[in-house]
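Take a look at the structure below.
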Amino acid sequence: FLEVSRKLTQRDELDEHLAGALVLASTLALEGFGERLARLKALLDERPALLERSPLDFGDDFTDQETTARQVLGGWYTGVVGSGDQAIYVTYLNALANRVVADKLVPPSFSYGPCGSWRHAP
């Protein structure tokens with residue numbers, strides 16, 4: 001999981017404890033996650049150039065692996081795995097999306113200011 005995550009996020013330093021929690025949540029919330037992750041890893045090992053495409057697009061032949069890649073990235077960046085009734089909230093502060101802005105926004109998020117400040121015109 002960590003090897004695939006490092007390739008997808010293009011970050012070498014990922015929290016190993018968070019990775020464990022994301023794997024557990026993914027196993028619970030995403031049907032066949034272990035097998036799907038293995039297929040994604042095999043594809044990325046065989047075709048690393050797929051990660052150079054922006055936005056992430058593996059093509060019609062690898063839609064299942066692309067979906068798995070997006071789910072892994074979603075877990076890391078949002079801290080949530082799965083959707084709807086199957087969604088599992090894993091982290092907030094340690095989600096990569098919040099860590100990216102943590103040096104500018106306190107608390108780290110994409111909504112700055114006191115609670116409810118978004119209601120008033122700037």
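So I have [x] 29, 16, 14; [y] 55, 19, 12; [z] 20, 16, 15, and one of them is semi-axes √(5λ) of the Cα gyration tensor in Å calculated from this model. Which one is it?
Comparing each candidate, only [x] matches the computed number.
Quick one: which of 16-24, 67-75, 53-61 comes out on top by average Cβ neighbours within 10 Å, and what's the full order, highest first?
67-75, 16-24, 53-61
So what's the net charge close to ASN98: Lys and Arg +1, Asp and Glu -1, counting the other residues with Cβ under 15 Å from its Cβ?
For residues surrounding ASN98, the net value is +1.
Can you tell me the relative contact order of the chain? Whole percent, Cα pairs under 8 Å, sequence separation 6 or more.
For the chain, the relative contact order is 20 percent.
No lab work stands behind these numbers, since they all come straight from the coordinates. In this text the structure is predicted, and so the values were computed from the model without any measurement. Neighbour counts run over all protein chains shown; Cβ positions are idealised from the backbone, glycine included.
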